[in-house]
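Participant: Below is one structure. I have some questions about it.
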Amino acid sequence: MKTLIHATTLIAAFTCITTLAMEQSITYHKATQPDAKHILHVINEHGIEDRDKIVILPENFREGAVNQAILNSRLYCARQGLDNVVAFKKLFIIKDIVEFNDITENEIRCHGQNSNFIDARIIDPISKKISCLSDKEALSFTRTNSVVIYFGGDYTIPSHRNRKINSHLTNYAFEKIKDDTIAAIQKNNLRQIVLLYGLTKANAGETIGGIDRTPSIVKAFTQFVSAIATQCSFNTNIPLHLSRYEAFMPTFDPQSTECKPLPDNQAISGYGNVIVFPLFNQ
């Protein structure tokens, strides 16, 4: 009996050590050109199976899109070992007016003629509790009064999920854009930090088996803006405002020779989300 207990203890200890070693071997960094082929492999081998949750471009355009995102410093990845990419995400400050209009009008759909407001919520900065607003009013934003950040393109391979890898990668990416965010605020006297992200209904927790990703996104964003507010002497206890709009995750014909999304009736329904953190001096 003692031998069995001893063996069981050793097995449990070995399992813990192995798991810890695996966690410690994960590294996080801004994607570089050598990562491109590994990210592309993740998309082609794993992401393609989750095409109802993440955007999968036509095959002819995937490599070019990954390379361009890396060139523009928009991709971050988690790596196990020297070249085994296990997760990636996209995060960047929107600076180009054409891209700003395209994202806000055609993807998030918080601006423009296709905008269909769903609801507004308020997020307590201390408890992170999300409450619906009865007046259903959204805080407006523009490029001239806000730093606008695009958050999206997350993917973790199935074997590495539920290990907080995406959470660590998200925090790492936010940290990497913090200085640029502060510089933009100070240079242009901006009064808000805005986060834009899209979710399918599954990723909004509205389908069987779906998990609402907004609380985890709110947690990471709150940590990010709180650090900026503290460093820049803004009030850290200001509630965040979350607005949702009807939107669709675009789908593509995988064999198409043009990178053009299919019509909305062939897209994945969901929400365009806008989180606004107002900047008030202490």
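Participant: Count the net charge of all other residues whose Cβ sits under 13 Å from the Cβ of Ile54, scoring Lys and Arg as +1 and Asp and Glu as -1. Provide the component values of the computation, followed by the final result.
Facilitator: Values: positive: Arg51, Lys53, Arg62, Lys89, Lys90, Arg213; negative: Glu49, Asp50, Asp52, Asp154.
Net of charged neighbours comes to +2.
Participant: Add -39500 (n - 2.57) for each DSSP H run of 4 or more in the chain, then divide by its residues: what number comes out at 222 nm, to the nearest 500 deg cm²/dmol? Walk me through the intermediate numbers first.
Facilitator: On the way: 6 runs with 94 residues, N = 282.
My calculation for the chain gives -11000 deg cm²/dmol from helical runs alone.
Participant: Only sites in a loop by DSSP and with at most 11 other Cβ atoms within 10 Å count here; which GluC sites (Glu not before Pro) in the stretch 188-282 make the cut?
Facilitator: Answer in residue order: Glu258.
Participant: Further question: Let a ≥ b ≥ c be the square roots of the eigenvalues of the Cα gyration tensor of the stretch 73-218; is it rounded (a/c under 1.5), or, if not, prolate (a/b larger than b/c) or oblate?
Facilitator: Values: a/c = 1.68, a/b = 1.22, b/c = 1.38.
In terms of gyration-tensor shape, oblate.
Participant: Be a star and scan the stretch 212-246 for residues whose amide nitrogen sits under 19 Å from the point 7 Å along the Cα-to-Cβ vector of Ser269.
Facilitator: 212-213, 244-246
Participant: Another question, then. With label points built 7 Å along Cα→Cβ from the Cα atoms of Glu137 and Thr32, find their separation and express it in nm.
Facilitator: Placing both labels 7 Å along Cα→Cβ, they lie 5.0 nm apart.
Participant: Could you sort out which of Lys129/Lys201; Lys37/Lys90; Lys90/Lys164; Lys30/Lys201; Lys95/Lys128; Lys129/Lys178 sit more than 27 Å apart by Cα distance in this structure? If you can, show how the numbers build up before the last one.
Facilitator: Details: Lys129/Lys201 20 Å; Lys37/Lys90 16 Å; Lys90/Lys164 17 Å; Lys30/Lys201 29 Å; Lys95/Lys128 29 Å; Lys129/Lys178 24 Å.
Where the Cα-Cα span goes over 27 Å, the pairs concerned are Lys30/Lys201; Lys95/Lys128.
Participant: Taking the Cα centre as origin and putting +1 on Lys and Arg beta-carbons and -1 on Asp and Glu beta-carbons, what dipole magnitude results for the chain, to the nearest 20 debye?
Facilitator: Numbers: 29 positive and 28 negative charges, 187 e Å.
Dipole size: approximately 900 debye.
Participant: Counting pairs of alpha carbon atoms under 8 Å apart in space and at least six apart in sequence, what relative contact order in percent does the chain give? The partial results should precede the final answer.
Facilitator: Working: 492 pairs, mean separation 63.8, N = 282.
Relative CO of the chain lands at 23 percent.
Participant: Sort Ser140, Ser127 so that the residue with the fewest other Cβ atoms within 10 Å of its own Cβ comes first and the one with the most comes last.
Facilitator: Numbers: Ser140 13, Ser127 8.
Lowest to highest Cβ neighbour count: Ser127, Ser140.
Values quoted throughout were computed directly from the atomic coordinates according to the rules given, and no laboratory measurement underlies them. It should be emphasised that the depicted structure is a prediction, and the values quoted were computed from it without experimental measurement. Here the Cβ is made from the backbone with ideal geometry for all residues, glycine too, and neighbour counts use every protein chain on show.
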